[in-house]
Structures are given as structure tokens and as C-alpha cells.
Amino acid sequence: MAAITSSGRLSRPRRRSKPTKQIISLTLRYGVLTILAVIFLFPFYLIVRNGLSTDLDITSPNWTFFPKSLHFENIQELFSDPDVPFLDGLINSAMVATLQTIGQIIISGLAGYGLARIPYRWANLVFFAVILTLMIPSAVIYVPTYVIVSDLGWVSTLQGLVVPGIFAGFTTFLFRQFFLSFPHELEEAGRIDGLGYIGTFWRIVVPNSTGVIAALSVITFISSWNGFLWPLVIGQDPSAWTIQVVLSNFLNAQVLNLHELFIGAMIAIMPLVVIFLLLQRYIVQGYKQSGLKG
Amino acid sequence: MKSSSATTLTHRETLAEPEGRRSRPRIRRSSLKTTLVFWTFVGPLLLGLLVFFFIPIIWSVVLSFSNARSTLSPQGFAGLSNYQAMLTDPNFVQSLGTFLVFAIFIVPLTFICALGLALLVNSVRFAQGFFRLVFFLPAACSYVLASVIWKVSIFNGTFYGLANQVLALFHIAPIQWVFTSNPPWYWLVLVTVRLWLQLGLYMIIFIAGLQDIPPELYEAAAVDGARGGWKTFRYITFPQLRNASISILLLNVIAAFQAFDEFFNIMSNGNSILARPPLVYIYQVALIDGNFGYGSAGALILTLIIVCFTLLQGRILGFGRAE
């Protein structure tokens with residue numbers, strides 16, 4: 001309450017005639033915000049609550065906010081359940097998201113710089129080809145891509161999961177836009193020191209672009225970790241399931257093991273919640289830049 | 001492989017560079033070098049796009065004109081029959097209808113709610129960062145995870161589903177949320193799950209737009225007698241948000257067109273026929289039934305639709321010119 005009034009004092013000084021009206025309006029706003037915040041956080045709470053409950057608590061006709069007891073042994077049960085390749089799924093997801101992020105950033109960063117800075121005769125034509133890929137979301141052509149990738153013999157393999165997602169026209173476009181506004185003077189300094197394009201890029205441009213690299217990396221990682229359609233299509237063998245595919249199979253199983261499903265969901269989202277809390281600044285910056293990626 | 005060729009190039013580059021700089025007239029040589037450097041930078045991307053974007057599309061054009069049932073290679077020319085069949089396939093037409101209904105719900109709702117949320121969050125100072133984070137946090141969630149919560153916990157059709165327990169307080173019988181089409185409650189489930197997940201993202205874009213509005217505009221408006229409330233929103237805030245608004249609307253439509261994850265996971269126990277968007281239907285045709293020629297034709301029809309939409313929006317907004 002005290003905080004609210006003090007922030008009310010902070011807001012732009014208006015005519016003093018209606019201070020009570022202002023306080024009411026502010027209280028109302030914080031009231032609505034608090035209610036909405038509770039609603040938005042509620043699903044997270046449900047994951048934790050159900051994950052640490054017994055099935056009996058979850059399906060109880062008298063729903064209670066706090067279950068009678070917390071069952072952390074659910075975690076151990078999940079990892080030792082032979083029917084659910086949960087650990088494999090976690091490892092697959094971590095590998096896929098990490099490799100895809102590294103690959104996409106390197107390839108898009110290089111291409112973005114080349115398109116922005118190297119005066120090559122056909123550069124515009126190449127850029128047009130990249131723009132062309134922006135018109136068609138990769139999800140829409142997953143059947144054609146699947147046909148080619150399976151011709152390569154990559155079904156249910158790590159490279160099948162990772163490689164097609166590395167080549168991103170959109171990330172390249174964003175890098176290009178960023179490098180176009182990179183200060184020429186810095187690059188000139190590199191030229192004078194005898195650095196070529198590659199030396200300039202590596203020694204001067206990259207160290208001065210850590211902000212944009214971090215922002216695009218973190219949103220690439222998030223969309224890769226959360227990606228579902230491509231891993232579902234290409235990961236046909238359970239050993240190649242990512243965590244999302246594992247959870248989806250779990251969800252659609254004949255017999256639902258409720259507490260394992262929810263504790264699995266809780267573990268699957270934990271890395272991302274940590275990333276969101278730690279790297280929020282870069283994530284917001286990344287989404288602002290990209291409009292919205294995935 | 002790639003990295004070693006890159007390093008050798010670096011050496012050649014650094015050795016050749018000073019010489020190339022001194023001798024301006026020898027354009028030919030430096031242009032060859034420029035070509036090499038350009039392809040070192042852009043080559044990997046273009047190669048990848050070729051293999052995983054352009055060739056698949058071309059190959060699927062071939063497949064779509066052929067019989068490719070349960071096989072990935074064409075077996076005999078089928079002419080336009082795949083396209084003809086797909087365009088008259090009631091399931092496919094229905095899936096386009098499902099997309100339209102979904103878009104009609106989700107696009108305006110997301111727009112209005114995200115704008116409202118942005119205005120509300122932006123209007124307070126204390127704890128603004130906290131609220132922004134809270135509304136943004138669902139973006140950390142995958143659609144699969146959100147589907148788990150929505151389908152099993154909140155909108156479970158049994159008596160223990162949370163929504164049904166709340167209804168029970170008012171003595172209303174449990175509702176089979178995702179298994180009944182009369183009335184189609186599943187839309188409530190599908191729309192709220194997407195709203196929860198993506199509102200924060202769009203809110204962020206709106207807040208960025210709001211903070212770009214020069215404060216002088218509001219000061220000028222205050223001098224003219226418009227102070228706070230609806231008037232400044234109507235004549236300053238909303239027009240100033242034009243760019244953010246348009247891009248959010250378009251992104252929303254395109255995202256709705258690609259809807260797959262939550263439909264696949266929520267409408268999946270024999271109830272998929274109730275609401276099956278195009279990508280889910282094509283999954284059924286190609287990956288479950290193994291009819292890749294037919295599936296490719298469907299994918300190409302969808303591609304055509306989205307390209308038309310993109311070109312149309314480019315025309316309306318004059319993209320390309322602005323750049």
C-alpha cells in the first residue's frame with residue numbers, strides 16, 4: 001500500500017484538485033494487474049502442484065490448493081520408469097537446442113555480414129533468395145523437407161533433428177540489418193591494421209556485437225527447445241525423441257500416469273524458466289528485434 | 001572441413017590484402033578475391049537453404065504431380081489429380097475452415113488483450129518490471145506443455161477437471177470440453193491456451209511501441225486540452241502504434257495458419273476431427289497414411305496461400321519500398 005502511494009507521488013504532477021481520484025485509479029490498476037498476474041502464474045503452479053502429488057490427490061473431487069503431502073520421490077520414479085525415455089528426451093533436447101543455436105548463429109552471422117558488407121556482384125540476387133525463404137514458414141513445408149531429409153537417410157538421427165533448422169533466412173536477415181548499421185569507422189580501423197574481411201569480422205565486428213548475438217542466441221535456443229512439429233516428424237524412433245515429443249506421447253498414452261506426466265512437464269520447463277529469469281533482458285531485446293520468431 | 005577451409009582462406013586473405021589495396025587498377029584479381037570471400041561468408045547458408053528449402057519445394061512439386069503412395073519417390077505421372085483431389089477433399093476444405101474460425105477468434109482477441117495489457121503495465125511505475133516478467137513468462141512454455149496443463153488439469157472432461165470443479169460450485173454438470181461439438185467448447189480451450197502463451201510476447205512489442213512515442217505529443221495534447229483517458233488514446237497513442245499494430249496483426253494471422261502443436265496434442269484422442277487445422281491434416285495424410293504425393297500437393301497449396309497473403313500484405317504496406 002505504501003509503495004503504491006509513493007509511486008503515485010512519482011507520476012507526473014497534475015493539478016492538485018483530485019488526488020483521491022488518482023489514488024483510486026492507481027489502486028484499481030494494481031488490483032487488476034495483481035489478479036491478472038495470479039491468473040498468468042496459475043498454470044505454472046498447477047504443474048508443480050500436480051507434479052508433486054499422488055494421482056489420488058490430482059483426481060480428488062475436492063480440489064485443494066495445497067496437496068496433503070509433497071512427493072519428491074516422483075522425480076526418481078519418472079527417471080527410472082522404463083516405459084518413458086525421459087532422460088534420453090532431456091539429453092536429445094539439450095543437444096538439439098545447443099547445436100542448433102550455435103550452428104544457426106554462426107551461419108546466419110557470417111551470411112548476414114557478407115550480405116551487408118561485401119560488394120559482390122550477385123549479392124543482391126543472393127539476398128533476394130534469402131528474402132524468398134522468409135515468405136514461406138518452414139512449418140508449412142515440413143512434408144517436402146521431410147522427404148528430402150529421409151532421402152538423406154537422416155530419419156531418427158541427431159543430424160536430422162538439428163541440421164535443417166540451422167539455416168534460417170530470418171536470423172540472417174536480422175543480422176544483416178544489424179551489420180548494416182555497424183559503425184564503418186571501426187571496420188576501417190581494422191582494414192588499416194591489415195585485416196581482411198574475415199579478420200575484421202572476427203576481431204572487430206563479433207566482439208562489438210555481443211548484445212545482438214546473445215539476444216538472437218537465446219531466442220533461437222528457446223524456440224528450438226520448445227519446437228515440436230519437426231522433432232515429431234523426424235524423430236520416429238523413441239531414442240530420437242526430444243523432451244516435447246516424449247511429453248506428447250505421454251499425454252496421449254492409453255493410460256495416463258498423471259503425477260509422472262506433470263513432474264516431467266515441470267522438469268522440462270525448468271531450464272527455460274531459469275533462462276527467462278537470468279537473461280530476460282536479451283530475450284526481450286531478441287523478440288523486439290525479430291517481431292516474433294516462432 | 002568447413003573450418004579448415006575458412007582458416008586457409010584467412011591466411012590467403014591477410015597475405016593478399018595489402019597488395020590488393022595498393023594496386024587499385026587490377027580489379028579482376030580483387031574481384032575474384034571478393035567473390036571467394038563472399039562465398040566463404042554466405043556459401044554455407046545458401047547451400048543449406050538450397051538443400052533444405054529450395055530443393056524440397058521443387059522435389060515436392062515433382063511428387064505432387066505423381067503417384068507416391070507409401071513411397072518417397074515418384075511412381076508414374078499423376079497429372080493434376082493430386083491437386084484436384086486435395087482441393088475437393090472435404091477434410092482439407094474443412095481444415096481451411098478450421099483455420100479461418102481459429103483466426104477469427106485468436107487474432108482480434110490477441111490484439112485487444114495484448115494492447116490492453118501493454119497500456120496497463122506501461123501506466124504503472126512501481127513493480128512494472130515484475131509484471132512485465134510475469135506476463136511474459138508463459139512464453140517459456142512450449143505448446144506441448146501448455147496442452148498438458150489445459151487438457152489434463154484445467155479443462156479435463158471428468159469431474160476432477162478444475163473448470164468442472166468450479167462449475168460444480170454452481171451446480172452445473174461437468175462439461176466434456178474437448179470432446180463435444182455441441183456447443184464447441186474446444187474452441188475455448190484452444191483459444192485460451194494460445195492467448196496465455198503468446199499475449200506476453202505481443203505485449204512486449206506494444207510496450208516497445210508505446211515507449212517510442214515522443215512525450216512532447218502528450219504535452220502538446222495537454223496544452224490543447226486533451227489530458228489522459230480516451231482522447232489521447234484515440235488521437236495520439238493508437239495512431240502512433242500503427243506499425244506495431246499492423247505487424248502484430250499480420251504475425252498473428254501467419255502464426256494461426258501454422259497452428260499445429262496445441263491442436264495435435266489437445267485434439268488427439270479421437271476428437272481430432274472436430275478441429276483439425278491444415279498442418280495437422282497434412283500430417284495425417286503424409287506421415288500417418290504415407291501418401292507423400294497427396295501430402296506434397298497439400299503442402300504446396302498451403303504454400304501458395306501463404307505466399308499470396310505475404311505478397312498482398314507487402315502490397316498493402318509497401319514493403320521493400322520503405323527499406
Here the qualifying pairs (Cβ atoms under 7 Å; residues six or more apart or on different chains; first in the stretch B:109-137 and surrounded by fewer than 16 Cβ atoms within 10 Å (Cβ to Cβ); second not in a helix (DSSP H, G or I)) come out as B:125/A:11
Selection from the stretch A:227-256 of residues farther than 21 Å from residue A:149 by Cα and out of contact with any helix residue (DSSP H, G or I) (no Cβ under 6 Å at 6 or more places or on another chain) yields A:249, A:252, A:253, A:254, A:255, A:256
Being more than 11 Å from chain B (Cβ to nearest Cβ) and under 18 Å from the mean Cα position of the chain (by Cα) narrows A:216, A:277, A:229, A:247 down to just A:216
Across the stretch B:48-65, the tally of residues that are under 20 Å from residue A:131 (Cα atoms) and in contact (Cβ under 8 Å) with a residue 12 or more places away in the chain stands at 1
Apart from one, (1) farther than 20 Å from residue A:103 by Cα; (2) facing chain B (nearest Cβ under 10 Å); (3) touching a residue at least 24 places away in the same chain (Cβ under 8 Å) all hold for residue A:267; the odd one out is (2)
- request: Could you tell me whether the stretch B:175-186 includes any residue that is modelled with pLDDT of 90 or more, part of a helix (DSSP H, G or I) and more than 12 Å from chain A (Cβ to nearest Cβ)?
  value: yes
The residue from A:62, A:92, A:50 that alone is more than 18 Å from residue A:257 (Cβ to Cβ) and buried (at least 21 other Cβ atoms within 10 Å of the Cβ) is A:92
Restricted to the stretch B:259-304 and to residues being out of contact with any helix residue (DSSP H, G or I) (no Cβ under 8 Å at 6 or more places or on another chain) and among the β-branched types (Val, Ile, Thr), the residue farthest from the other protein chains (Cβ to nearest Cβ) is B:273
Open item on the list: Here is a check on your reading of the model: is residue A:216 out of contact with any Phe, Trp or Tyr (no Cβ under 6 Å at 6 or more places or on another chain), assigned by TED's automatic domain parsing to the domain that holds residue A:176 and surrounded by 15 or more Cβ atoms within 10 Å (Cβ to Cβ)?
Closed with: yes
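Yes/no matrix, rows are residues, columns are (1) in a helix (DSSP H, G or I); (2) in contact (Cβ under 8 Å) with a residue 12 or more places away in the chain; (3) of a type in the set (Phe, Trp, Tyr):
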| site | (1), (2), (3) |
| --- | --- |
| A:164 | yes, yes, no |
| A:175 | yes, yes, yes |
| A:178 | yes, yes, yes |
| A:191 | yes, no, no |
| A:198 | yes, no, no |
| A:215 | yes, yes, no |
| A:239 | yes, yes, no |
Note: among A:102, A:35, A:58, A:23, just one is more than 28 Å from residue B:135 (Cα to Cα) and either aliphatic (A, V, I, L, M) or at the interface with chain B (Cβ under 10 Å from one of its Cβ atoms) (or both), namely A:102
Selection status of residue B:78, modelled with pLDDT under 85 and either within 12 Å of another protein chain (Cβ to nearest Cβ) or crowded, with 18+ Cβ neighbours inside 10 Å (or both): yes
Counting only residues in the stretch B:218-244 that are at pLDDT 80 or above and touching a Phe, Trp or Tyr at 6+ places or on another chain (Cβ under 8 Å), the one farthest from residue B:111 (Cα to Cα) is identified as B:221
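Condition check ((1) touching a Cys at 6+ places or on another chain (Cβ under 8 Å); (2) in the same structural domain as residue A:86 (by TED's automatic domain parsing); (3) surrounded by fewer than 16 Cβ atoms within 10 Å (Cβ to Cβ); (4) outside any helix (DSSP H, G or I)) across all residues:
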| position | (1), (2), (3), (4) |
| --- | --- |
| A:232 | no, yes, no, no |
| A:247 | no, yes, no, no |
| A:250 | no, yes, no, no |
| A:263 | no, yes, no, no |
| A:267 | no, yes, no, no |
| A:272 | yes, yes, no, no |
| A:277 | no, yes, yes, no |
Quick check, is residue B:58 surrounded by fewer than 16 Cβ atoms within 10 Å (Cβ to Cβ) and facing chain A (nearest Cβ under 10 Å)?
-> yes
Going through the stretch A:142-172 in order, the residues found to be within 7 Å of chain B (Cβ to nearest Cβ) and within 15 Å of residue B:55 (Cα to Cα) are A:143, A:144, A:145, A:147, A:148, A:150, A:151, A:164, A:167
- Query: Does residue A:72 satisfy the criteria of being out of contact with any helix residue (DSSP H, G or I) (no Cβ under 6 Å at 6 or more places or on another chain), without any contact (Cβ under 8 Å) to a residue 12 or more places away in the chain and of a type outside the set (Val, Ile, Thr)?
  - Reply: no
Here, helices (runs of 4 or more DSSP H) confined to the stretch B:216-323 with at least 2 residues that are buried (at least 22 other Cβ atoms within 10 Å of the Cβ) are B:242-257, B:261-266, B:278-283, B:292-317
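The values are calculated or read from the model by the stated rules, or taken from the named source; none is laboratory data. Predicted model, so just to flag it, every value in this text is computed and none were measured. No Cβ is skipped: glycine too gets one built from the backbone with ideal geometry, and neighbour counts run over all protein chains shown.
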